[in-house]
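Rule-based calculations on the coordinates, nothing more; no lab input. Remember, predicted model here, so these are calculated numbers, not experimental data. As a convention, Cβ positions derive from the backbone with ideal geometry for all residues, glycine included, and neighbour counts pool all protein chains shown.
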Amino acid sequence: MARIVVIGGGLIGLATATMVAKLGHDVTILERDPAPPPDTPQQAWDRWERRGVMHFRQPHYLLPAGQRVLGEQLPEMAGALEGAGAVVHDMLSPLPPGIADRAPRPGDEKFLTRTARRPVLEHAMAKTAERYAEIRRGARVTGLLTTRARQVTGVVLHDHTELHADLVIDAMGRASPLPVWLEAAELYEVAERAEFAGFTYYSRLFRTRPGEDPPLTGTLTPFDCYSILTTPSDAGTWAVTIAIHACDRALRKLREERYWMRLAEACPLHAHLVAGREPVTGVLAASGGNRIRAVVQAGVPVATGVLSVGDAWASTGPFLGRGVTLGLMHAAVLTEAVADHVKDPFTLAIECDRLTRQRLLPWYRNTVYLENQRAAQIAAVIEGRSPREPDPAGAPLMDLLAAMTWDADVFRAYLEMVAMLAPPQEIMSRPGLADKISGVRRAPWLAPGPSRGQLLKMLS
């Protein structure tokens, strides 16, 4: 049995700690925010203070691949989410209006997921994790214990307490100070690359009135210079997010409720989600880009005895809603490496990095690619020029994105990529898919809504 410390008690820290604890290890979670989860999920939304999570009340979404990880690795947490009222969502509903063939297909159940607001998700996961690991709240880590052999052997807390461990897991998210701590310990520098696509997000949550059913949500709709993302949630709530290019100063008025509502109500397919509805929040502003850290360089770990998981390894912007799911998939990869190599710190670091690059890096790169393509499209509209043609390697994927608005099977292939059920390379190489895509030969279906010129007049 190994002594394992997980720094960070957010969603991915809780999931990772529970997974490795179920291997039989002694696990302690160190969470800097002092407040424990309240008694009920609704109280978690109403009054749980998580100052260390800047996006705690922003929209969150668990994709089917994340639901699959919970079902296979953490069925107790999946059950807790169900008990907390997390809603079952079918990504096939609604289908794009341009698709005439609406007949079900065998295997459509793979597009089902269960999701909820972030405080509700974390409440359910924390209550489960408490059964497997010790959670110390209000425990702020300030540094690492290390040896001359570049091995991390524990952590130092804000009160100078030293906590020794056979393995430290960094689950502190995108703002993790681990690189600073490693530098302070005179270990190798962590290589970091930021790839900021440049989006700003303005979101509002709404809820049904008594006796009403929540409307269908779960779509990402591109317009010429903005996108609208709708996400389902628990307790009859849903979120509507307007995403703009971060450099588009002319659209920043959308952070004001009157302008935000003016645009949402002017989009025929989205007006019913907001008009006359009961808002739960005002306009919540957020931004975020993509950033990845290399903890193994030229086959040599920066340090042994420490692993990063989720956003602490690679963080993605909210545009595709992949963050929680990517983190859960990474937790499963890390747990697999720990199960086989926890007694050999060097091999553990190398194997965890290998599995991460093999199974998760393609998803990160695909996220960066899609966000950059969308950012380039919007930039062209802002600047009044024609968008650049996609590079030859990315052209088939762009063709799929056009065809999926008309063909039911191509749309399902697209959804498998969105849901992170199968990597893009596998999807694009499937027999017959290229013929399906080329057979459509139509421009993508475009949702009705204000053009940039019309929107600028609405905001003036």
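Data table
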read-out	value
Size of electric dipole in the chain: Cβ of Lys, Arg +1 and of Asp, Glu -1, about Cα centre, debye, nearest 20	1080
Packing-based exposure ordering (other Cβ within 10 Å, fewest first) of Met428, Met420, Met54, Met125	Met54, Met428, Met420, Met125
Eligible lysines near Lys110 by straight Cα distance, threshold 22 Å, same-chain separation 8 or greater	Lys436
³J(HN,Hα), Karplus 6.51/-1.76/1.60, whole Hz, each residue of segment 443-451, x for Gly, Pro	5, x, 5, 10, 6, x, x, x, 6
Mean Kyte hydropathy of 1.0 or more with a Cα span along the axis of at least 20 Å, helices from DSSP in the chain	none
Whether segment 119-197 is rounded, prolate or oblate, judged on the alpha carbon gyration tensor where a/c under 1.5 counts as rounded	oblate
Relative packing of 139-145, 63-69, 275-281, 207-213, which averages over residues the other C-beta atoms within 10 Å, highest first	63-69, 139-145, 275-281, 207-213
Extension reserve of the Glu383-Leu355 stretch, reckoned as 0.36 nm per residue once the Cα distance is removed	5.9 nm
DSSP beta bridges in the chain [antiparallel fraction, %, rounded to 5]	75
Column: log10 I(q)/I(0), Debye, Cα scatterers of segment 63-147, q = 0.16 Å⁻¹	-0.76
Charge dipole of the chain about the Cα centre (unit charges at C-beta), most positive-ward option of Gly299, Ala116, Leu348	Ala116
Whole-number D in µm²/s for segment 208-327 (Stokes-Einstein; Kirkwood sum over Cα pairs; 37 °C, 0.692 mPa s)	193
Cβ-placed point charges (K, R +1; D, E -1), dipole of segment 308-377 about Cα centre in debye, nearest 20	260
Alpha-carbon Rg/Rh ratio, for the chain, with Rh computed the Kirkwood way	0.97
Reachable aspartates and glutamates, given that their alpha-carbon falls under 15 Å from the alpha-carbon of Lys343 and they are not under 8 places away in the same chain	Asp26, Asp166, Glu351
Cα gyration tensor shape of segment 351-460, rounded if a/c is under 1.5, else prolate or oblate by comparing a/b with b/c	oblate
